[in-house]
Ligand code: FES
């Protein structure tokens, strides 16, 4: 049977078997629609509209709308969807240069993020970045966070699909970068431990249950055409531990932890707040479950950093103004916009220090608003990040004022307004003027390890030298987390 899909980006027709899940079919044919709950029929985000024909598994409403994750192919049909837009951050905040040795050929550095993949094609002789590209991580149909994907691996078939889909997407990225015209000499890959396990087809289930063990943390190297990727050598960067992955190793490499004499606090703020502190030559890392609020995932009008998302909220002439990514009509709000909005509402007293909001909803536009439930999600996220930072400072025996630099990695860190972040308590007030954006440090670290053998060795040393602290049984962390829920 034939399924035809219309989206704002394309029209595509593909074959299906009776009973095939429609959300999975979309993903397999690179039609990416939101699927925050991983196909459990709970988040309501995977809406599609039946234009003609029939489906099974669920009944379309009077407008023809249905949840794709509950629907199965049942005959020829045509369906309209709205695809998710956006790609991964490819920018770098500040740069440390590699020492290249005139080697011939080209390489690819790849960051496998939970939400997006980002890659750059590099001339190895001098480290010049020839081109960059990014795409959404197709594993998103199994859920927006690593835990949903780990849970999906309980079924062996899902593990295979999670592996295959991310490798295929990476191969497509490489082909786009090279335009199919050159052979890649080597490829370096950074990402969190779960992403790297799935990348090489290892079952990450043990990462999801106590005592949270990985199958591997050390660097891995594969030969030519590993997993069907068009390169001679494939290198996965080393992780520190189950929840402090190779993305943090790469961030530390990019931030030059090995040579710095400063006290540095580094935070990669996403669904998990992964952090590291460098103090007196010692490195301590940790990770806190911040939830997806700061990526816009569990916020009623939440969006990723894509066109149509409000990314800045400011006060002008006594009223709130905002900017929208792409300059379009506002369709939702992304993490940076959310931080700004909460900060502005705190300033005008519309949210009190407990997080209580007098109005049930605060509207920025007819379509975009902040609800009381959104504020609670935000409080959970910011409190987890802040308490994680305090735990690292405590372990290092440092006060906030003793930190020379707060480096914030990732997309959120690149666009965040540190004053708004400090106003909400997401980052310490004392550090708001010492905050620095690293950009995609994971991609940059992979780039350094690709172009400079000494950096690759450095990544191995950083990963083995860093200590991880587990906050799940830390009573002070729990206390600070509870206190951090307040906006004081
Ligand atoms: S309802 Fe969440 S993915 Fe379908």
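The values are calculated or read from the model by the stated rules, or taken from the named source; none is laboratory data. All figures in this text were calculated on a predicted structure; none of them were measured in a lab. Glycine also receives a Cβ, built like all others from the backbone with ideal geometry; neighbour counts cover every protein chain displayed.
Considering only segment 174-181, I want to know if a residue exists there that is under 19 Å from the mean Cα position of the chain (by Cα), surrounded by 15 or more Cβ atoms within 10 Å (Cβ to Cβ) and at pLDDT 90 or above.
Looking through segment 174-181, none of the residues is under 19 Å from the mean Cα position of the chain (by Cα), surrounded by 15 or more Cβ atoms within 10 Å (Cβ to Cβ) and at pLDDT 90 or above.
Of the numbered conditions (1) assigned to a helix (DSSP H, G or I); (2) free of Cβ contacts under 8 Å to residues at least 40 places away in the same chain; (3) closer than 24 Å to residue 455 by Cβ, residue 173 satisfies every one except a single condition; which is it?
Every condition holds for residue 173 apart from (2).
With respect to the numbered conditions (1) in contact with a helix residue (DSSP H, G or I) (Cβ under 7 Å, 6 or more places away or on another chain); (2) in contact (Cβ under 8 Å) with a residue 24 or more places away in the chain; (3) within 16 Å of the ligand (Cβ to nearest atom); (4) part of a loop (DSSP other than H, G, I, E, B), which one is the sole condition not fulfilled by residue 82?
If we test residue 82 against (1) in contact with a helix residue (DSSP H, G or I) (Cβ under 7 Å, 6 or more places away or on another chain); (2) in contact (Cβ under 8 Å) with a residue 24 or more places away in the chain; (3) within 16 Å of the ligand (Cβ to nearest atom); (4) part of a loop (DSSP other than H, G, I, E, B), just (1) comes out false.
From the set of residues in segment 7-60 that are under 23 Å from the mean Cα position of the chain (by Cα) and not in a loop (DSSP other than H, G, I, E, B), which is nearest to the ligand (Cβ to nearest atom)?
23
For segment 460-469, check the following and say yes or no: at least one residue is farther than 21 Å from residue 242 by Cα and over 24 Å from the mean Cα position of the chain (by Cα).
The answer is no, given that none of the residues of segment 460-469 is farther than 21 Å from residue 242 by Cα and over 24 Å from the mean Cα position of the chain (by Cα).
If I ask for residues that are closer than 30 Å to residue 106 by Cα and surrounded by 17 or more Cβ atoms within 10 Å (Cβ to Cβ), which ones from segment 200-221 would you list?
Scanning segment 200-221 gives 200, 202, 217, 219, 220.
Can you confirm whether residue 130 is surrounded by 15 or more Cβ atoms within 10 Å (Cβ to Cβ) and not in a loop (DSSP other than H, G, I, E, B)?
No, not satisfied.
For segment 200-227, name all the residues that are on the phi > 0 side of the Ramachandran plot and modelled with pLDDT of 95 or more.
Within segment 200-227, 201, 227 qualify.
For segment 98-125, give me the residue count where each residue is in contact with a helix residue (DSSP H, G or I) (Cβ under 9 Å, 6 or more places away or on another chain), in a loop (DSSP other than H, G, I, E, B) and modelled with pLDDT under 95.
Of the residues in segment 98-125, 8 are in contact with a helix residue (DSSP H, G or I) (Cβ under 9 Å, 6 or more places away or on another chain), in a loop (DSSP other than H, G, I, E, B) and modelled with pLDDT under 95.
Which residues, taken from segment 271-295, are buried (at least 24 other Cβ atoms within 10 Å of the Cβ) and without any contact (Cβ under 8 Å) to a residue 60 or more places away in the chain?
278
Within segment 33-54, is even one residue over 27 Å from residue 300 (Cα atoms) and surrounded by 14 or more Cβ atoms within 10 Å (Cβ to Cβ)?
Checking segment 33-54: at least one residue is over 27 Å from residue 300 (Cα atoms) and surrounded by 14 or more Cβ atoms within 10 Å (Cβ to Cβ).
Out of 376, 312, 344, report the one residue that is in contact (Cβ under 8 Å) with a residue 24 or more places away in the chain and assigned to a helix (DSSP H, G or I).
344
If I go through segment 222-270 residue by residue, how many of them are surrounded by fewer than 20 Cβ atoms within 10 Å (Cβ to Cβ) and within 19 Å of residue 435 (Cα to Cα)?
Qualifying residue count, segment 222-270: 5.
For residues that are free of Cβ contacts under 8 Å to residues at least 60 places away in the same chain and closer than 18 Å to residue 33 by Cα, scanning just segment 137-160, find the one that is nearest to the ligand (Cβ to nearest atom).
139
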